[in-house]
1. Whether any residue in the stretch 12-35 is small (Gly, Ala, Ser), surrounded by fewer than 20 Cβ atoms within 10 Å (Cβ to Cβ), in contact with a helix residue (DSSP H, G or I) (Cβ under 6 Å, 6 or more places away or on another chain) and in contact (Cβ under 8 Å) with a residue 60 or more places away in the chain is what I want to check.
2. Would you mention how many residues in the stretch 153-171 are open to solvent by 60 Å² or more (accessible area, probe 1.4 Å) and outside any helix (DSSP H, G or I)?
3. Looking only at the stretch 12-67, count every residue that is out of contact with any Gly (no Cβ under 7 Å at 6 or more places or on another chain), of a type in the set (Val, Ile, Thr) and modelled with pLDDT of 95 or more and tell me the total.
4. Only residues that are within 16 Å of residue 61 (Cβ to Cβ), open to solvent by 60 Å² or more (accessible area, probe 1.4 Å) and not charged (D, E, K, R): list them for the stretch 82-106, please.
5. Cβ-Cβ below 9 Å, separation at least six or inter-chain, first residue in the stretch 48-65 and touching a residue at least 60 places away in the same chain (Cβ under 8 Å), second crowded, with 16+ Cβ neighbours inside 10 Å and charged (D, E, K, R): which pairs?
6. How many of the residues making up the stretch 109-136 are buried (at least 19 other Cβ atoms within 10 Å of the Cβ), modelled with pLDDT under 85 and among the aliphatic types (A, V, I, L, M)?
7. Looking at the stretch 55-81, which of its residues are part of a helix (DSSP H, G or I), open to solvent by 10 Å² or more (accessible area, probe 1.4 Å), small (Gly, Ala, Ser) and touching a helix residue (DSSP H, G or I) at 6+ places or on another chain (Cβ under 9 Å)?
8. Go through the stretch 231-244 and give me each residue that's more than 14 Å from residue 318 (Cα to Cα) and either open to solvent by less than 10 Å² (accessible area, probe 1.4 Å) or in a strand (DSSP E or B) (or both).
Amino acid sequence: MKLALFAYSRRGRDTALEARDALCGLEDECRCFAPARYAGGDFEAIQPPCAQSTGPLFAWADAMVFVGAAGIAVRSIAPHVRDKRTDPAVLCVDELGRFVIPLLSGHIGGANALAVRLAAALRAVPAVTTATDINGRFSVDAWAAEQGLFLDGMAAAKAVSAAILEGPVPLCSDFPIQGELPPGVVPGASGPVGICLSWREKRPFDTTLLLVPPVLRLGLGCRRGAGAEQIGGAVDRVLAGHKIHPKAVSRAASIDLKRDEPGLLELCRVRGWPLSFYSAGELAALTGEFAHSERVLRVTGVDNVCERAAMMGAARLVVGKTACGGVTAALAEVGWTARFGP
């Protein structure tokens, strides 16, 4: 976690350092800020106006904690607030450490959970205000963030959160479920509003909140010199043809002969896919039924690149070798379970 802390008084500095110690571990990156007259030591100087100084930090941080008046925090972040899916968690703590208030990104950004955690460390009161939390109902966007799921549609998420306050909301899942469904959620596959767990583009409810786990591995082969647009276009056609949500793809793989292929490297960089390369021997060592090509065998030393690359570390092949404009693609699924409760 990247954490930015702000204090505006000497007493506030002490509280900010307590907050830092409570929230930051060895792997976290933490920066503390204070006005010039209180800077020094652990605190970098922040220059007025606050909103201008906090802009770069708003883009950098996963969470921001303001120790001082809530109004200062609001004015500091106001020009930078954009989207609850990308904005950092923002909390406000009074300088005496009596109250911890999550101001922004309570669910997806994790501000509510951080507030509860910080309040416990400071022996403070967490002032959580979101309706699902105070009514003890299931917060679907917070759960999706915890599980690493892509939430497809903020309007649908709002509809689910509103509906769950009034009565049970159905959930259908293409995956095993561990634990009991939370209060306000019941099994179901139809209705006006519901939640669907799937890597496919499916909408079983009138208003469907689709939650997509990144559980597919993409195996790729391509002709020498294929560009990023060419490879990406082929991949998109394969995904659309099988009604697969693009966010279900978590990583890509190919044979090590393609390690220096600019188009392949660029595509994966742009789409944020980690890219792995395997030798012909590693791919050939995989057991299972794969499409066989004598030409591919002569050129690469293994009879199939895309299917075998997709299956490295995966459980089952879901889309076999598909050729599209000089590109071959295959997709395999990694096992995943929807977990509820502790």
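1. First pass over the stretch 12-35, keeping only residues small (Gly, Ala, Ser): 12, 16, 19, 22, 25, 34.
Right, trim to surrounded by fewer than 20 Cβ atoms within 10 Å (Cβ to Cβ) and you get 22, 25.
Now narrow it down to the ones that are in contact with a helix residue (DSSP H, G or I) (Cβ under 6 Å, 6 or more places away or on another chain): 22.
Add one more test, that the residue is in contact (Cβ under 8 Å) with a residue 60 or more places away in the chain, and what stays is 22.
Checked the stretch 12-35: at least one residue is small (Gly, Ala, Ser), surrounded by fewer than 20 Cβ atoms within 10 Å (Cβ to Cβ), in contact with a helix residue (DSSP H, G or I) (Cβ under 6 Å, 6 or more places away or on another chain) and in contact (Cβ under 8 Å) with a residue 60 or more places away in the chain.
2. Residues that pass the stated criteria total 3.
3. The number of residues fulfilling the criteria is 1.
4. The answer is 86, 103.
5. Short answer, once both residue conditions are applied: 65/20.
6. 0
7. Of everything in the stretch 55-81, those that are part of a helix (DSSP H, G or I), open to solvent by 10 Å² or more (accessible area, probe 1.4 Å), small (Gly, Ala, Ser) and touching a helix residue (DSSP H, G or I) at 6+ places or on another chain (Cβ under 9 Å) turn out to be 55, 59, 78.
8. The answer is 231, 232, 234, 235.
The values are calculated or read from the model by the stated rules, or taken from the named source; none is laboratory data. Here the structure is a predicted model, which means the values were calculated and not measured. We place every Cβ from the backbone using ideal geometry, glycine too, and count neighbours over all the protein chains shown. The area values use the complete protein model at the heavy-atom level, side chains included, leaving out ligands, DNA and RNA. Shrake-Rupley method; radii C 1.70, N 1.55, O 1.52, S 1.80 Å.
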